[in-house]
């Protein structure tokens, strides 16, 4: 059995009600629900939330909300691993034979059904604990700089000051869209970024964190541009 778990708590502070705020005419969470449903990968698409309004919206768009998330894992300090452990354990307590799970974020309007299918195939074919969405950094991380309290500049890795960008190893980061994994990996809270995981690489133009109002505005503009190109 394969299930999708979409974490969506109600307490977003920087963008209030972010998970159900309208984004190009639809609640933000609807994009994740639709991608999961259209992928055909899942026996169940479940939203883990502590919020009744989010639960109602999720159901309207075709997801199941069979439980409300406990208060202990609904605050600012609750981790994705805590939420996923609870959700997978709950499903197994119902007698469901859950083998593979996809943690799909509620704020991922650029996720596609095709990405979910291909990442699922990568997980099954590789025997990894996880396959997660990733993308490349747009600038060599080896040449990153930091600012002191006085405003002076220094390099994190000064040994690369004179290196050409094309000579530096490319670096990748979590794209913040989804984590496919085995049920056992989520239950044991295995680390995501470790040798037992693989990256599913996305083009940078389809990756945008949405944590601040500025992020939201940029994501809307990017969505418009990509829609015009398709």
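Only the coordinates and a few stated rules stand behind these numbers; no lab work does. Since we're looking at a predicted model, the values are computed, not measured. With ideal geometry, Cβ positions are generated from the backbone for all residues, glycine too; neighbour counts draw on all protein chains shown.
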Restricting to Cα atoms and excluding each atom paired with itself, what does the Kirkwood estimate give for the range 1-112 in Å?
13.9 Å
Would you mind giving the three semi-axes, in whole Å and largest first, of the ellipsoid equivalent to the range 1-64 according to its Cα gyration tensor?
20, 13, 9
Within the chain, the percent of DSSP beta bridges that are antiparallel, given to the nearest 5, stands at 50 percent
For the chain, find the longest principal axis of its Cα atoms and tell me its angle to the long axis of helix 113-126, 0 to 90°, nearest 10.
80 degrees
Order of 69-79, 195-205 by packing, highest average Cβ count within 10 Å first?
195-205, 69-79
Given labels modelled 7 Å from the Cα in the Cβ direction, how far is it in nm from residue 22 to residue 56?
1.7 nm
Spherically averaged projected area in nm², based on the convex hull that wraps the Cα atoms of the range 81-221:
11.8 nm²
Using just the helices of the chain, give the 222 nm mean residue ellipticity in deg cm²/dmol: DSSP H runs with n ≥ 4 each add -39,500 (n - 2.57), and the total is spread over all residues, rounded to 500.
-9500 deg cm²/dmol
Which of 92, 142, 177 moves most in a GNM of the chain, Cα contacts under 10 Å?
142
For a label point 7 Å from the Cα of residue 117 along Cα→C-beta, name the residues of the range 168-210 whose backbone N is under 17 Å from it.
none
Go ahead and run the numbers for FRET between residue 162 and residue 96, Cβ-Cβ distance against an R0 of 45 Å, rounding to 0.05.
0.20
Only Cα pairs within less than 10 Å get springs; with that Gaussian network setup on the chain, which residue of 179, 31, 130 has the largest fluctuation?
31
Among 156, 23, 192, which one moves the most in a GNM of the chain with springs linking Cα atoms closer than 10 Å?
156
Specify whether the C-alpha gyration tensor of the range 154-230 places it in the rounded, prolate or oblate class, a ≥ b ≥ c being the square roots of the eigenvalues: rounded for a/c under 1.5, otherwise prolate if a/b is larger than b/c and oblate if not.
oblate
Over the range 124-230, what relative contact order in percent results from Cα pairs under 8 Å that are six or more residues apart?
38 percent
Rg/Rg_ref, the range 55-139, where Rg_ref = 2.2 N^0.38 Å and atoms are Cα:
1.27
Starting from the exponent 0.38 and prefactor 2.2 Å, build the expected Rg for the range 109-177 from its residue count and divide its actual Cα Rg by it.
1.59
The relative contact order of the chain, taking Cα pairs under 8 Å that sit 6 or more residues apart, comes to a percentage of 23 percent
